[in-house]
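**Student:** Structure below; questions to follow.
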Amino acid sequence: MNKPALAIVVPCYNERDVLHETAKQLKEVLNALISEGLISPNSKIVFVDDGSRDETWRLIEEEKSGSEHISGVKLSRNFGHQGALLAGIHSAKLWYDCIITIDADLQDDIHVIRDFIIQYQNGAEIVYGVRKSRSTDSFFKRATAQAYYKFMRKLGIDLIYNHADFRLMSKRAVRVLEDFEERNMFLRGIVPMLGFKSEVVYYDRKERFAGETKYPLKKMMAFAFNGLTSFSIVPIRIVSLIGVLSFCLSFLTGVYAVVQKLLGHTESGWTSIIISVWIIGGLMLMSVGLIGEYIGKIYWETKRRPAYIIETDLTDDDQES
Ligand code: UDP
Ligand code: MG
């Protein structure tokens, strides 16, 4: 079998504290795979600078000049993790047979990259890295993540449990990914929709070894909600259902109130009125908000704005030289 050219795509946002170490460790892995004859010597690590405000890009350029196995892509501004991943994947697919995406902070075990490649050689088009445990996460992150996966599963959204964006994709899978024209890509939900032969590789997730998380609670919640509304209209249905139920209930309450009045048992009634006004008001606001969320999605999609803009792509120069 031909040795595949591998690109390891690493999105980086203000990662100056980890970049050097990450480059060093990934190079070691790459070199080992090359000398083992598992991948082509043209394989590379592609760092994507997602509009960092620190000296991340300068460090990437430095790493590149120090090693033929390193390249970089610079985005024109910060587009977010998913945008950076897409930019890296799409620019790499021109030159490489398979692409692995991994975070810059070395939380994912880079030694399973070898297993990814072996699965790929055995015919898998997609290989998912799945964490064995979440012992390094806080109790809160663990509990919310678990509830989220369960909830999504219930709604029929096929997420790979405990898989983040550490995965291998073949060129073929990436090509198909391009047919998904939505701008707001939630890769974890989309990739399983591609089908193809896929495999799972388990690993232990470590602590971020330096720098801090770029996913504080607020961003994490937005990410989770986005994932939900991008893949399911069940929430809108639930809201309509609640609407119907509460309407039936208020109808029954109304009948009851009229009967009571006719029988002369008039109640002061203020409490029940005020409560129902609040409940209905709340429901209405909630429904309108949720529907607005979907309309907002349509709004963004119709604009067809790019998910990323590349300012400099060093992978082009590599191929020309
Ligand atoms: N990242 C990015 N753009 C952003 C935020 C994050 O490219 O706007 C990158 C970041 O540099 C890292 C990866 O996405 O390589 C995951 O981020 P992080 O490790 O902070 O998230 P966590 O592991 O805490 O969920
Ligand atoms: Mg991380």
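**Student:** Residue farthest toward the positive end of the dipole of the chain, with Cβ of Lys/Arg at +1 and Asp/Glu at -1: which of Ser138, Gly66, Ile157?
**Tutor:** Ile157
**Student:** Same structure, new question: So what's segment 6-215 giving for Rg/Rh, alpha carbon basis, Kirkwood Rh from the mean inverse pair distance?
**Tutor:** Expressed as Rg/Rh, it is 0.94.
**Student:** Now for a separate question. Quick one: if you stick a label point 7 Å off each Cα along the C-beta vector at Ser133 and Glu178, how many nm between them?
**Tutor:** About 4.4 nm separates the two model spin labels.
**Student:** If you don't mind, there's one more thing I want to ask. Just how large is the dipole of segment 1-47 about the Cα centre, in debye to the nearest 20, putting +1 at every Lys and Arg Cβ and -1 at every Asp and Glu Cβ?
**Tutor:** 180
**Student:** Something else: Considering the options Ser230, Gly211, Val259, tell which one lies farthest towards the positive end of the dipole of segment 201-278, charges being +1 on Lys and Arg and -1 on Asp and Glu at the Cβ, about the Cα centre.
**Tutor:** Going by the Cα projections, it comes out as Gly211.
**Student:** Still on this structure: Can you compute the FRET efficiency between Val277 and Glu21 using 1/(1 + (r/R0)^6), with r the Cβ-Cβ distance and R0 = 41 Å? Round to the nearest 0.05.
**Tutor:** 0.10
**Student:** Right, next: Past the 27 Å Cα-Cα mark, which pairs from Lys141/Lys171; Lys93/Lys197; Lys44/Lys74; Lys150/Lys197?
**Tutor:** Lys141/Lys171
**Student:** On a 0 to 90 degree scale, rounded to 10, what angle separates helix 217-231 from the longest Cα axis of the chain?
**Tutor:** In the chain, helix 217-231 runs at an angle near 80 degrees to the longest axis.
**Student:** Apply 1/(1 + (r/R0)^6) to the Cβ-Cβ distance of Ile298 and Ser67, taking R0 = 51 Å, and write down the FRET efficiency to the nearest 0.05.
**Tutor:** Result of the calculation: an efficiency of 0.65.
**Student:** Please work out, to two decimal places, the log10 of the ratio I(q)/I(0) at q = 0.09, 0.13, 0.16, 0.19 Å⁻¹ from a Debye calculation in which every Cα of segment 179-321 carries one identical scatterer.
**Tutor:** Log-scaled intensity ratios, in q order: -0.58, -0.91, -1.12, -1.27.
**Student:** Go ahead and collect, in residue order, the members of segment 43-82 whose backbone nitrogen is under 17 Å from a label point 7 Å along the Cα-Cβ direction of Lys141.
**Tutor:** 81-82
**Student:** Find which of Ser91, Tyr294, Asn42 sits farthest along the positive direction of the dipole of the chain, computed with +1 on the beta-carbon of Lys and Arg, -1 on that of Asp and Glu, about the Cα centre.
**Tutor:** Tyr294
**Student:** Assigning unit charges at the beta carbon (Lys, Arg +1; Asp, Glu -1) and nothing else, what dipole magnitude in debye, to the nearest 20, does segment 140-222 show about its Cα centre?
**Tutor:** 280
**Student:** How high is the relative contact order of the chain, in percent, with contacts defined as C-alpha pairs under 8 Å that are six or more residues apart?
**Tutor:** Reported as a whole number, the value is 22 percent.
**Student:** Let me ask something additional. From the Cα gyration tensor of segment 234-303, with a ≥ b ≥ c the square roots of its eigenvalues, which class applies: rounded if a/c is under 1.5, or else prolate if a/b is larger than b/c, or else oblate?
**Tutor:** Here segment 234-303 falls in the prolate category.
**Student:** Continuing with this model, one more query. Can you give the FRET efficiency to the nearest 0.05 for Phe209 and Asp54, using r as the Cβ-Cβ distance and R₀ = 25 Å?
**Tutor:** 0.90
**Student:** Could I ask something else about it? Return the single residue from Thr253, Thr229, Thr302 with maximal mean-square fluctuation; model: Gaussian network over the chain, springs between Cα atoms under 10 Å.
**Tutor:** Thr253
**Student:** Could you tally the net charge around Glu178, taking each other residue with its Cβ under 14 Å from the Cβ of Glu178, Lys/Arg +1 and Asp/Glu -1?
**Tutor:** +2
**Student:** Still on this structure, I have one more. Excluding same-chain residues fewer than 8 positions from Lys297, which lysines have a Cα within less than 21 Å of its Cα?
**Tutor:** Within the straight-line cut-off, Lys297 pairs with Lys218, Lys219.
Each value in this text was obtained by applying a stated rule to the coordinates, not by laboratory testing. All figures in this text were calculated on a predicted structure; none of them were measured in a lab. As a convention, Cβ positions derive from the backbone with ideal geometry for all residues, glycine included, and neighbour counts pool all protein chains shown.
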